[in-house]
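The values are calculated or read from the model by the stated rules, or taken from the named source; none is laboratory data. These figures come from a predicted structure and were not determined experimentally. Counting neighbours? That spans all protein chains shown, and the Cβs are built from the backbone with ideal geometry, glycine included.
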Amino acid sequence: MTVGHRSILAVAVCVLLVSTTGTAKAQIGVTKTQADWIGVGVAAIGAGIGIGIFYAIHHGSSIDGCAVSGPNGLELQYRGDQQTYALIGEVAGIKPGDRVRVSGKKEKKKAGAPQQFLVEKLSKDFGACTAPPATP
């Protein structure tokens, strides 16, 4: 190969390399699509936390114990804190002497009055109490 041919070959290779190579771009940060999905994820997590807090606050509680006749009507001697609650609300299915679980809400205690529990439903009837409950 002569010098002339080498020069032409070198120029041809240089032109070919310059025309086929792309410009390299460094990606810094996130793309618009990635940012959109991050926003969707954050919104979903926020909604989940909000719904969880709502149900934790507004969800009624349940208590179980022995139902007894008290001076103010039907009462429940709660096994958890050994406190007696005056039952109000949906109490038609509850009989004195039965151990039951009721769902509802504890009412704010008024001065001089027994603690009340607003029964929304009878969750479970366990049958008769195993030991006779102590009378308040």
Requested in this report: For residues that are part of a strand (DSSP E or B) and touching a Cys at 6+ places or on another chain (Cβ under 8 Å), scanning just region 68-99, find the one that is surrounded by the most Cβ atoms within 10 Å (Cβ to Cβ).
Outcome: L76
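Filter region 102-133 for residues that are among the polar types (S, T, N, Q) and outside any strand (DSSP E or B); which is surrounded by the most Cβ atoms within 10 Å (Cβ to Cβ)? Steps first, answer last, please.
As a first pass, look at region 102-133 and keep what is among the polar types (S, T, N, Q): 103, 115-116, 123, 130.
Now restrict to residues that are outside any strand (DSSP E or B): 115, 130.
Working: Q115: 16, T130: 8.
Per the stated criteria, the residue is Q115.
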Requested in this report: Determine which single condition I28 fails, assuming it passes every other condition in (1) closer than 30 Å to V102 by Cβ; (2) at pLDDT 70 or above.
Outcome: (1)
